[in-house]
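Structure record follows, encoded as structure tokens.
The values are calculated or read from the model by the stated rules, or taken from the named source; none is laboratory data. All of these numbers come straight from a predicted model, not from anything done at the bench. Methodologically, a virtual Cβ is constructed for each residue, glycine included, from the backbone with ideal geometry; neighbour enumeration extends over all protein chains shown. Side chains are part of the model used for accessible areas, which takes the heavy atoms of the whole protein and leaves out ligands, DNA and RNA. Shrake-Rupley method; radii C 1.70, N 1.55, O 1.52, S 1.80 Å.
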Amino acid sequence: MKDQEQKNEQEKSRQPEKDWYKSMSFYQIWVRSFADGNGDGIGDLYGVYDKLEYIKKLGVDGIWFSPLYPSPNADFGYDISDYRDIHPEYGTLQQFQKVLEKAHDMGMKIIMDLVINHTSDEHPWFLESKKGRDNPYSDYYIWRDTPNNWDSMFEGKAWEYVPERGQYYLHLFAKKQPDLNMDNPKVREEVKSIMRFCLDMGVDGFREDVINFISKREGLPDGIPFVPVLGSMMHYKDGPHIHEYLGEFRKVCRQYDCFQVGEGPMTTVESAKKYLMGPHKSLDMMFSFDHMMADCMFTEYIHRPFSLVKLKKAFSKWQYALAGKAWNALYLENHDHPRVISRYGSEHFHRESGTMLAVSYLFQQGTPFIYQGQEIGMTNIRLKSIEQYVDVSTHNNYRKYHVKDPVEKRLERIHLSSRDSARTPMQWTGGKNAGFSENRPWFYVNPNYTKINVEAEEKDPSSILNFYRRCLKLRKTTEALLWGTYKEYYPADPNLYLYERRLPGSVCLVICSFAGFPVRVPMPKPFRGKRGKLILCNYPKNAPKAENLLRKTEQKIENAAVAHGWFRPYEARVYQFEEGET
Ligand code: GLC
Ligand code: CA
């Protein structure tokens, strides 16, 4: 018995308790567009250093940095040419260490992007590998004499010919992003050594890029013909050795108090569970994509009208499936998706929908991520010509689909889908260059910066920014919102999203209207006739009542007297019910 106890203790100390990430929330920085500290028009780590107080004040507990490493920027940092340095445009390793130290002193954690499915074609490993078949790096990448029929995500077919070597290399993303050969044990050793390099510096964890793609099926068989991209995905998504390889990486993390969130494009709950639970657990959380498809199919580029029912289905599917078993990563925006107000909210009801969207996801069970600019409600940019866009996948989509459509129509699709919309410079002030830089920014500033900016929102108590702060504080201080079980009400309602978070003794009911007009909210059964305390509302106290808005639009008021009856456009509320009240 004693032996067993001792064993358990030992086991525990080998696997440091990492649940710290569960009550946290993260802020994501895509550094190029965050804040320019040295005046060359490009965001950098000097800018980040000066903004750490701003980030802390938002109420987050950690930062995820999109890649900061040297990169030819074919995919803005996701094509790494040196894993052990900082891109000179963003600063130096010393400057990164300063940021890390200051963040730690302020009580914030830092996680880094770990991009190991591919490197840049300018990485020294690839420069060697392409020289021939008998150098130490020749098997670091995936080379074939004849290509299979796979498509790449970003640029036509997934194979590129190198005359020097007389072979083709695989690139699931851009041509300048050759896929690493993870079956080669030397490559896995490199990955582990890169991880140790970061962890030894004091980094607290990783966001692991397209991590479910890193193990390819042996023999690289052809995919289903004429099914673009998806036709070959079954040969590399959740590939044959994925859990074995991630298990090796997990071992490295276990030696530190390190946390891992993986990005899982096209992942399903069933496959995600294999990463997130059980003896072979290899990730703490996974970024899934289902809920990013409520206004599109497979990719934002194939646009569909927004469907709240589809969004709710995706939210609830993940909430129910992981309940009590694993932990969700919650997000509505990142550097890969257009701005959420422009998609699921309303640019017209900017403040209302921006704050409501915050409520819709921050109080689900999981760890929330907030992407730079989301907290002030930045929206999509509409550039006038395709030449003005810089993202490789945007150009690919433009060239590949609907080429016979008139230019305006093709551009409209770009406006709805481009990743560049999430990559415009952060809007700090209403002044020159939106306060992002002294000099001309590297990319277009959204012209709405005169209205939507940090400085203006700091001053306005009902701004989106101040609302995010309230939400994050409320989440942190309300046990039911952190740990309570999730249950959705009215899943088929096309305008309303209602969910409860329940702990014994305390229940929160979250109600969000996704409608641009007043709607009546019937209380779900367990709450009828109960007196809940309104703990959060995104309309200021003195705002007109829904009934008055209704009169204005000359709609009939039914049961207007019913408590909590009518919700104003994009209104969101959270009620708390104490023990015995439901
Ligand atoms: C991930 C990144 C994205 C990048 C791609 C290829 O999806 O988030 O920005 O383009 O991987 O690395
Ligand atoms: Ca700079």
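Computed values, structure above
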quantity	calculated
Close pairs from the stretch 90-119: first farther than 21 Å from Leu246 by Cβ, partner open to solvent by 50 Å² or more (accessible area, probe 1.4 Å), Cβ under 7 Å, at least 6 apart	Gly91/Tyr46; Leu93/Asp85; Gln95/Tyr46; Lys98/Tyr49; Val99/Tyr49; Lys102/Tyr49; Met106/Lys56; Met108/Lys56
Filtered residues of the stretch 40-65 (kept if within 16 Å of ligand 2 (Cβ to nearest atom) and on the phi < 0 side of the Ramachandran plot)	Asp40, Ile42, Gly43, Asp44, Leu45, Tyr46, Gly47, Val48, Tyr49, Asp50, Lys51, Phe65
Complete set of residues in the stretch 228-248 that are of a type in the set (Asp, Glu) and open to solvent by 60 Å² or more (accessible area, probe 1.4 Å)	Glu244
Single residue of the stretch 516-528 satisfying the filter (under 29 Å from His348 (Cβ atoms) and crowded, with 19+ Cβ neighbours inside 10 Å) that is farthest from the chain's Cα centre (by Cα)	Met523
Meets criteria (in a loop (DSSP other than H, G, I, E, B) and either more than 27 Å from Ala543 (Cβ to Cβ) or of a type in the set (D, E, K, R) (or both)) for His415	no
Of all residues making up the stretch 249-262, the number that are open to solvent by 10 Å² or more (accessible area, probe 1.4 Å) and in contact with a helix residue (DSSP H, G or I) (Cβ under 6 Å, 6 or more places away or on another chain)	1
Residue check for Met293: in contact with a helix residue (DSSP H, G or I) (Cβ under 6 Å, 6 or more places away or on another chain), among the hydrophobic types (A, V, I, L, M, F, W, C) and crowded, with 17+ Cβ neighbours inside 10 Å	no
Flag for Asp85 being without any contact (Cβ under 8 Å) to a residue 40 or more places away in the chain and more than 16 Å from ligand 2 (Cβ to nearest atom)	yes
Failed condition for His291, given (1) in a loop (DSSP other than H, G, I, E, B); (2) under 15 Å from the mean Cα position of the chain (by Cα)	(1)
Single match in Ser353, Ser346, Ser316 (criterion: away from ligand 2 (no atom under 16 Å from the Cβ), in contact (Cβ under 8 Å) with a residue 24 or more places away in the chain and more than 18 Å from Asn538 (Cα to Cα))	Ser316
Residues being in a loop (DSSP other than H, G, I, E, B), more than 17 Å from Trp20 (Cα to Cα) and in contact with a Gly (Cβ under 9 Å, 6 or more places away or on another chain) - total across the stretch 246-280	1
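For every residue, the table says whether it meets (1) of a type in the set (Asp, Glu); (2) over 30 Å from Tyr168 (Cα atoms); (3) assigned to a loop (DSSP other than H, G, I, E, B).
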| site | (1), (2), (3) |
| --- | --- |
| Pro72 | no, no, yes |
| Asp79 | yes, no, yes |
| Gln94 | no, yes, no |
| Lys102 | no, yes, no |
| Asp113 | yes, no, no |
| Asp121 | yes, no, yes |
| Leu127 | no, no, no |
| Asn135 | no, no, yes |
